[in-house]
Amino acid sequence: MSPNPPISNVSAARSFEVTSRSVLAIALPMTLAFMTTPLIGLTDTAIVGQSGEAAPLGGLAIGAIIFDFVFVSCNFLRAATTGLVAQSAGRGDVGEEQTIFWRALILALGIGIIFVLLAQWITGAGLAFMEPSADVRAAAETYTAIRFLSAPAALANYTILGFVLGRGEARLGLGLQVVINGANIALSLYLGVVLGWGIAGVAWGTVAAECIGAVCGFAIIVGRFSRQSRQGWLSLFDRKALVALMALNRDIMIRSLSLLTAFALFTRTGAQFGPVTLAANAVLLNFFMIAGFYLDGLATASEQIVGRSIGALHRPAFDKAIRLTVMWGFALSGIAAAFFLLAGPALIDIVTTAPEVREAARIYLPWAALTGLAGVLAFQMDGVFIGATWSRDMRNMMVLSLIAFVAMVWFVVPMAGNHGLWAAFNLFLGLRGISLYLLIPRRALATFRQ
């Protein structure tokens, strides 16, 4: 089992009630926050597209892929902070909450500085892998050279959001995301269009927005810290706590990289069926991404409430948090699946005008419509295991699910084609969730026995 901070028996008295209202109070604001993020990509694409040239758009796309890979792999800064802070909140240990924040923030800034120093090499490796044309490469290098300067602030924002969510302050989390994304869009429009900086303006707009968000979040959080609860700077370097934090971060990073690998393999395999099937799959994946907004919101609720219940040693809250988040997940995914099956053809026509892509997407639409249902347990169990800091189990089940996905792609896809690929993807999602769900009784018994 992954290392958990010691739980005091006194905290067992810190009971609290979990209701659908308390779940949705976290899930809804975070769903809205997650929905604002794609607006940045759309705005950046529209700004760079004003040049009328293909190379800047290609450079933006490649730069975005590089940053997605680098920053998604660092999502452990947000997730680990959420789980640890939620458990401290459940114990009522305000001093430990503050220490966790400072410890995670120092780590985030350190990693961010390393990224700035290694920016040229990271960009070079990404471009070598994708092999773009000379003009696209030049545009990507311009974008990444500037964008990497945002790394310390961007990773600090991960920590800030993790702390806020760990305390169950989803509305504040939404507010900070709106500030960051809103500033990003406004500044990118001003610098990229009004001043005519193009792709460089988009990159500088992102850098400035991340810095604005980090300063605002830091000021709000630190401004509320209690001096009486301060544990002292030496506590930041407690060896046992640092080892536990690094193990937790390592496991979540492996989980994130495994997930990225699965998506990359899905795309690569689809590309082997030709450009039409590749385009159709890309269109249909948007349906899964839409489901991901509300499932991520519910998973965030799981993280906070489960972590708090473990900190408080309150098993009823733990059980009810799982029951309610899973119930809402299946309910919303069932509605979404029915909607996509009925309205999917019309939505496909809106996304693409290519007749052959439309036809192919309609063929595989039922598979895409089911991804939300297949992914309910995967999302919710990730939230449960992050909140409980049972990271080793989450890592192991992700790796096993990835192996099963690779095996399906290897053996089934040659016989069933793109249908087999979508079946493998749904199996990957379902296996992740079911395998973790089956581990809960044993892990919960050991944890709440303390």
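The values are calculated or read from the model by the stated rules, or taken from the named source; none is laboratory data. Not measured: the values here are computed from a predicted model. In this analysis, Cβ positions are derived from the backbone assuming ideal geometry, glycine residues included, and neighbour counts consider all displayed protein chains. For the accessible areas, the whole protein counts, side chains as well, though only heavy atoms, and no ligand, DNA or RNA atoms are used. Shrake-Rupley method; radii C 1.70, N 1.55, O 1.52, S 1.80 Å.
If only residues of the stretch 9-38 that are exposed (fewer than 15 other Cβ atoms within 10 Å of the Cβ) and at pLDDT below 70 are counted, the one that is nearest to residue 315 (Cα to Cα) is 13. Taking (1) open to solvent by less than 20 Å² (accessible area, probe 1.4 Å); (2) closer than 19 Å to residue 84 by Cβ; (3) in contact with a Leu (Cβ under 8 Å, 6 or more places away or on another chain) in turn, residue 444 satisfies each apart from (3).
The requirement of being open to solvent by less than 20 Å² (accessible area, probe 1.4 Å), farther than 28 Å from residue 62 by Cβ, of a type in the set (A, V, I, L, M, F, W, C) and in contact (Cβ under 8 Å) with a residue 24 or more places away in the chain is not satisfied by residue 172. Within the stretch 233-261, the set of residues being under 13 Å from the mean Cα position of the chain (by Cα) and basic (Lys, Arg) comprises 255 only. Of all the numbered requirements in (1) open to solvent by 60 Å² or more (accessible area, probe 1.4 Å); (2) more than 30 Å from residue 364 (Cα to Cα); (3) not in a loop (DSSP other than H, G, I, E, B), residue 197 misses one, and that requirement is (3). For the stretch 113-155, what are the residues that are within 23 Å of the chain's Cα centre (by Cα) and at pLDDT below 90? The answer is 126, and nothing else. Across the stretch 46-102, the qualifying residues are those that are surrounded by fewer than 21 Cβ atoms within 10 Å (Cβ to Cβ) and among the charged types (D, E, K, R), and the one among them that is farthest from residue 226 (Cα to Cα) is 53.
Here is a yes/no grid of residues against (1) open to solvent by less than 20 Å² (accessible area, probe 1.4 Å); (2) modelled with pLDDT of 90 or more; (3) on the phi > 0 side of the Ramachandran plot:
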position	(1), (2), (3)
265	no, no, no
276	no, no, no
283	yes, no, no
292	yes, yes, no
300	yes, yes, no
304	yes, yes, no
310	yes, yes, no
313	no, yes, yes
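Any chance the stretch 372-389 includes a residue that's outside any helix (DSSP H, G or I) and within 18 Å of the chain's Cα centre (by Cα)?
Initial filter on the stretch 372-389 (outside any helix (DSSP H, G or I)): 388-389.
Then drop every residue that is not within 18 Å of the chain's Cα centre (by Cα), which leaves 388-389.
Yes, the stretch 372-389 contains at least one residue that is outside any helix (DSSP H, G or I) and within 18 Å of the chain's Cα centre (by Cα).
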